[in-house]
Amino acid sequence: MPKGSPERTAARKEEIIRACEKLYQTMSFKEITLKEIGKETSFSRPTIYNYFQTREEIFLALYKLEYDRWNAELEAILERNETLTRQELADQIARSLEKRGQLLKLLSMNNYDIEANSRQELLAEFKAAYGESMRNIDRLLVKFCPEMNRPERQNFLYVFFPFLFGVYPYTTVSEKQRTAMSDAGVDFMYQSIYEITCNCLIRLLNA
């Protein structure tokens, strides 16, 4: 890590992450290189290596940022509501994820490669943000579904969080994919992020 103020280091890292995020709107993970990210920053490409050693580390940081954003929304649900029915809770969690399409897109990627090519300390920071999202969902269940015991809440978490890995491919498809499904004769009902997530949550909460 280069010498400099913590503020400068944080600003540089944020600029790199934002550059990656901008590219990810129109390019795939495979297409985004450190060279492409460097073109979007105000400093030279070699400078990126002072903050991130691999492309995967930058994506991991973007991943963490998305979990931080979702955590803020989950905490807002906790703070602004005294009571919620199970239907209302499902609605609010689904709406929080409806805004996090980028998180769901990242979840649909090969996380093994990203994590394997990132330093341990950065991976630990990411896991902390991920873990906080699980704790926030558990807090929502404790507050708004007090009749659920701990094993029931744990079962909920270990169904809901794996479910999230498949939301993006089931809700965001290209015209090529739609045509292929039609050509294959697959009768598939397309749903929005909100619809598929809310339906899952309602079933889990009422199980």
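The values are calculated or read from the model by the stated rules, or taken from the named source; none is laboratory data. All figures in this text were calculated on a predicted structure; none of them were measured in a lab. As a convention, Cβ positions derive from the backbone with ideal geometry for all residues, glycine included, and neighbour counts pool all protein chains shown.
A few notes on this one:
- Boolean, LYS30 is modelled with pLDDT under 95, of a type in the set (D, E, K, R) and within 18 Å of LEU103 (Cα to Cα): yes
- Residues in the stretch 156-180 that are surrounded by 14 or more Cβ atoms within 10 Å (Cβ to Cβ) and either more than 16 Å from the chain's Cα centre (by Cα) or of a type in the set (S, T, N, Q) (or both): PHE156, THR171, THR172, VAL173.
- Of the helices (runs of 4 or more DSSP H) that lie entirely inside the stretch 45-164, those containing 1 or more residues that are basic (Lys, Arg) and touching a Cys at 6+ places or on another chain (Cβ under 9 Å) span 55-80, 86-98, 150-164.
- The combined condition, being part of a loop (DSSP other than H, G, I, E, B) and of a type in the set (A, V, I, L, M), is not fulfilled by LEU23.
- Close pairs (7 angstrom Cβ cut-off, 6 or more residues apart or separate chains): outside the structural domain of ARG100 (by TED's automatic domain parsing) in the stretch 151-176, surrounded by 13 or more Cβ atoms within 10 Å (Cβ to Cβ) anywhere: none
- Residue list for the stretch 74-99, filter: closer than 17 Å to ALA129 by Cα, free of Cβ contacts under 8 Å to residues at least 40 places away in the same chain and surrounded by 17 or more Cβ atoms within 10 Å (Cβ to Cβ): SER96
- Among all positions in the stretch 23-45, there is no residue which is closer than 22 Å to TYR168 by Cβ, in the same structural domain as GLY131 (by TED's automatic domain parsing) and surrounded by fewer than 13 Cβ atoms within 10 Å (Cβ to Cβ).
- Verdict on ALA61 being in the same structural domain as TYR130 (by TED's automatic domain parsing) and out of contact with any strand residue (DSSP E or B) (no Cβ under 8 Å at 6 or more places or on another chain): yes
- Considering ILE114, ILE193, ILE137, the condition of being touching a residue at least 24 places away in the same chain (Cβ under 8 Å), touching a Ser or Thr at 6+ places or on another chain (Cβ under 8 Å), in the same structural domain as ASN81 (by TED's automatic domain parsing) and not polar (S, T, N, Q) is satisfied by ILE193 alone.
- Unmet requirement for TYR112, which otherwise passes all of (1) surrounded by 15 or more Cβ atoms within 10 Å (Cβ to Cβ); (2) hydroxyl-bearing (Ser, Thr, Tyr); (3) under 16 Å from the mean Cα position of the chain (by Cα): (1)
- Condition met for SER44 (modelled with pLDDT under 95 and hydroxyl-bearing (Ser, Thr, Tyr)): yes
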